[in-house]
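Colleague: First, the structure itself, so that you have it in front of you.
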Amino acid sequence: MALRALRGAITCSENTREEIVSRTQTLVTEMLRRNDVAHDDLVSIIFTATPDLTAEFPATAARALGLGDVPLLCARELAVDGGMPLCVRVLAHLDTDRDRSELHHVYLEGARALRDDLPA
């Protein structure tokens, strides 16, 4: 068993609590589904949000999915000129027998442009 990291990102259409929760839940659910990650495989999850997303903590969405016992941390994404707006990013740490090359990072909505090297 090895500690691995799984990445993902999604964009929101507006800065509302409902939008941040909905989009974050979509992203986390898809990351876990595509990689067949069980709840007990999760070690921790770090969320970042761009400075224009202030209506809710992305970790709130994860807790609502039943991940409240997983260590969750929110941070502010760097405000870089020309950076992608309204974006939630995720870095999930998990215990797995899979090689890094077997993990499927998930980029949804406008965030697909961040990783054009990955299949849709």
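Colleague: Write down the percent of antiparallel bridges among all DSSP beta bridges whose residues are both part of the chain, to the nearest 5.
Modeller: Expressed as a percentage, antiparallel bridges in the chain total about 70.
Colleague: What residues qualify as long-range amide H neighbours of Tyr107, i.e. H under 5 Å apart, gap of 5 or more or another chain, H built at 1.01 Å from N?
Modeller: Sorted by chain and number, the residues that satisfy this are Ala9.
Colleague: What's the extension gain from Asp69 to Glu30 if we count 0.36 nm per residue and subtract their Cα-Cα distance? Spell out each step's value before the answer.
Modeller: On the way: separation 39, 0.36 × 39 = 14.04 nm, distance 1.94 nm.
So the extension gain works out to 12.1 nm.
Colleague: Report, to the nearest 10°, how far helix 17-34 tilts away from the longest principal axis of the Cα atoms in the chain, using its own Cα long axis and a range of 0 to 90°.
Modeller: Result, in degrees: 30.
Colleague: Now for a different question. Please work out the FRET efficiency for the pair Asp97 and Thr16, using the Cβ-Cβ distance as r and a Förster radius of 25 Å; give the result to the nearest 0.05.
Modeller: 0.05
Colleague: According to the square roots a ≥ b ≥ c of the eigenvalues of the Cα gyration tensor, what is the shape class of the chain, taking rounded for a/c under 1.5, prolate for a/b larger than b/c otherwise, and oblate for the remainder? Intermediate results must be reported in sequence, preceding the final value.
Modeller: Values: a/c = 1.89, a/b = 1.33, b/c = 1.43.
Oblate.
Colleague: In sequence order, what are the phi-derived ³J(HN,Hα) couplings for region 84-95 according to the Karplus relation 6.51 cos²θ - 1.76 cosθ + 1.60 with θ = phi - 60°, rounded to whole Hz, with x for glycine and proline?
Modeller: 6, x, 6, 10, 9, 10, 10, 10, 9, 9, 9, 8
Colleague: Now a separate question. Taking amide H positions as placed 1.01 Å from N in the peptide plane, with prolines and chain starts having none, which residues 5 or more places from Val70, or on another chain, fall under 5 Å of its amide H?
Modeller: none
Colleague: Kindly put Cys87, Cys74, Cys12 in sequence by how many other C-beta atoms sit within 10 Å of each C-beta, fewest to most.
Modeller: Cys74, Cys87, Cys12
Colleague: For Met31, Met84, what ranking results if the residue with the fewest other Cβ atoms within 10 Å of its Cβ goes first? Spell out each step's value before the answer.
Modeller: Working: Met31 23, Met84 15.
Ordered from fewest to most neighbouring Cβ atoms within 10 Å, Met31, Met84 come out as Met84, Met31.
Colleague: Now for a separate question. For region 2-115, what's the relative contact order in percent, using C-alpha pairs closer than 8 Å and at least 6 residues apart?
Modeller: Dividing the mean separation by the residue count of region 2-115 yields 46 percent.
Colleague: I'd like the FRET efficiency for Ala2 and Arg115, computed as 1/(1 + (r/R0)^6) with the beta carbon distance as r and R0 of 22 Å, rounded to 0.05.
Modeller: After rounding to 0.05, the efficiency reads 0.45.
Colleague: Within region 1-61, which GluC sites (Glu not before Pro) sit in a loop by DSSP and count at most 16 neighbouring Cβ atoms inside 10 Å?
Modeller: Of the GluC sites (Glu not before Pro), the ones in loops of region 1-61 whose Cβ has at most 16 other Cβ atoms within 10 Å are Glu14.
Colleague: With n ≥ 4 as the cut-off for DSSP H runs, can you work out [θ] at 222 nm for the chain, using -39500 (n - 2.57) per run divided by the number of residues, rounded to the nearest 500?
Modeller: Computed mean residue ellipticity for the chain: -6000 deg cm²/dmol.
Each reported figure results from applying straightforward, stated rules to the coordinates on display, with no laboratory input. All figures in this text were calculated on a predicted structure; none of them were measured in a lab. Note that we place each Cβ from the backbone using ideal geometry, even for glycine, and neighbour counts take in every protein chain shown.
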